[in-house]
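Visitor: Would you mind keeping the following structure in view while I ask a few things?
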Amino acid sequence: MAGMIDISDARAATGKSGWRLDLLGAWRLTGSGDDVLDVGVNGRRIYALVALRGRCDRPYMAGTLWPECTEAHAHGNLRAALSRLHRRGLAGPLDFSRNGVLALRPEVEVDVRGVVAVARAVLDDDPTTTPRDAVRLLTCEDLLLGWYDDWVLLERERLRQLRLHALERLSGQLLAAGDVARAVEAALEAVAVEPLRESAHAALIRAHLAEGNRAEAARQLERLRELLRKELDEEPSPLVTGLLR
């Protein structure tokens, strides 16, 4: 019911229902005519929660969305928000079961699910994954920019870590396949996502070295050294420095 980004329908969701929910960058819900639907602040939070956590019962939703309220007040807020969606005809993408569990209908397309699916495929060494598409999908904005709810921060960091591991793995896979240009691209994206991540810099340095660009590799090490000194008062570990010996 609660846990992490739900990807059970990641491959099946094609958007043929006409509903699409975007959570990367800014929140956006569109219908069959590509009209952006205004569901209100609490409506956006409800949609985001069920998209990221999967099937949720009402007590869990109320407690997660309004943690600062009493239980009765939180339940009242949830009832009011759902009633408002129904009255305005904006509850179509939601699946309401008789036992009080809410979920997104499986045919609703959710952008983050595609990113999660391709990241998992890369980490699982799925041979059907196309490297070009993988790099493109993993190069995306963070989850729900400008949202600071605790549960959103957790899911944002979870997705960020998944992307980082997948980008680093993808860079290595592309390097092994001889596609050095895309290996550099994947590693550069990992560095952009987390500039202080040494393993991302290591992936980029390996790609530069494989391309015969030792000067580029040395400059990348120096950039990392400057960042670590400035931000953490630390030096690069042997994980990175050993690559240029």
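The values are calculated or read from the model by the stated rules, or taken from the named source; none is laboratory data. This structure is a prediction, so every number in the text was calculated from the model and none was measured. We place every Cβ from the backbone using ideal geometry, glycine too, and count neighbours over all the protein chains shown. Surface accessibility is based on the protein's heavy atoms, side chains included, excluding ligands, DNA and RNA. Shrake-Rupley method; radii C 1.70, N 1.55, O 1.52, S 1.80 Å.
Visitor: Inspect all residues belonging to the range 120-133 and state whether any of them is touching a residue at least 60 places away in the same chain (Cβ under 8 Å), of a type outside the set (Asp, Glu) and part of a helix (DSSP H, G or I).
Guide: Looking for residues that are touching a residue at least 60 places away in the same chain (Cβ under 8 Å), of a type outside the set (Asp, Glu) and part of a helix (DSSP H, G or I), one finds at least one in the range 120-133, hence yes.
Visitor: Let me confirm something: among Val112, Val116, Val108, Val101, which residue is closer than 23 Å to Gly40 by Cβ and within 11 Å of the chain's Cα centre (by Cα)?
Guide: Val112
Visitor: Take Arg169 and decide whether it is among the basic types (Lys, Arg), touching an Asp or Glu at 6+ places or on another chain (Cβ under 9 Å) and over 30 Å from Thr64 (Cα atoms).
Guide: In short, yes.
Visitor: Which one of these is charged (D, E, K, R) and either touching a strand residue (DSSP E or B) at 6+ places or on another chain (Cβ under 9 Å) or under 13 Å from Leu167 (Cα atoms) (or both): Arg113, Arg120?
Guide: The match here is Arg120.
Visitor: Consider Ser8 against the criteria (1) open to solvent by 20 Å² or more (accessible area, probe 1.4 Å); (2) modelled with pLDDT of 95 or more: it satisfies all of them except one. Which criterion is unmet?
Guide: (2)
Visitor: May I pose another question? Hey, which of the helices (runs of 4 or more DSSP H) in the range 160-245, taking only ones fully inside, have at least 2 residues that are more than 24 Å from Gly25 (Cα to Cα), open to solvent by 30 Å² or more (accessible area, probe 1.4 Å) and not hydrophobic (A, V, I, L, M, F, W, C)?
Guide: Here the list reads 198-210, 214-232.
Visitor: Mind checking which pairs have a first residue in the range 95-106 that is under 22 Å from Asp22 (Cα atoms) and basic (Lys, Arg) and a second that is open to solvent by 40 Å² or more (accessible area, probe 1.4 Å) and not in a loop (DSSP other than H, G, I, E, B), Cβ under 6 Å, 6 or more apart or different chains?
Guide: Pairs found: Arg105/Asp95.
Visitor: Being closer than 20 Å to Trp151 by Cβ and hydrophobic (A, V, I, L, M, F, W, C) is the filter here; which residues of the range 60-79 pass it?
Guide: Hits for the range 60-79 are Met61, Ala62, Leu65, Trp66, Cys69, Ala74, Leu78.
Visitor: Can I ask one more? Arg98 versus (1) open to solvent by 40 Å² or more (accessible area, probe 1.4 Å); (2) farther than 25 Å from Glu141 by Cβ; (3) at pLDDT 95 or above: which is the lone unmet condition?
Guide: If we test Arg98 against (1) open to solvent by 40 Å² or more (accessible area, probe 1.4 Å); (2) farther than 25 Å from Glu141 by Cβ; (3) at pLDDT 95 or above, just (3) comes out false.
Visitor: Regarding the range 16-33, can at least one residue be identified that is touching a residue at least 60 places away in the same chain (Cβ under 8 Å) and of a type in the set (Ser, Thr, Tyr)?
Guide: Among the residues of the range 16-33, at least one is touching a residue at least 60 places away in the same chain (Cβ under 8 Å) and of a type in the set (Ser, Thr, Tyr), which makes the answer yes.
Visitor: Also, quick follow-up: Among Ala48, Ala13, which is the only one that is surrounded by 20 or more Cβ atoms within 10 Å (Cβ to Cβ) and at pLDDT below 95?
Guide: Of Ala48, Ala13, the one residue that is surrounded by 20 or more Cβ atoms within 10 Å (Cβ to Cβ) and at pLDDT below 95 is Ala13.
Visitor: Just to be sure I understand, how many residues within the range 64-76 are surrounded by 16 or more Cβ atoms within 10 Å (Cβ to Cβ) and assigned to a helix (DSSP H, G or I)?
Guide: 4
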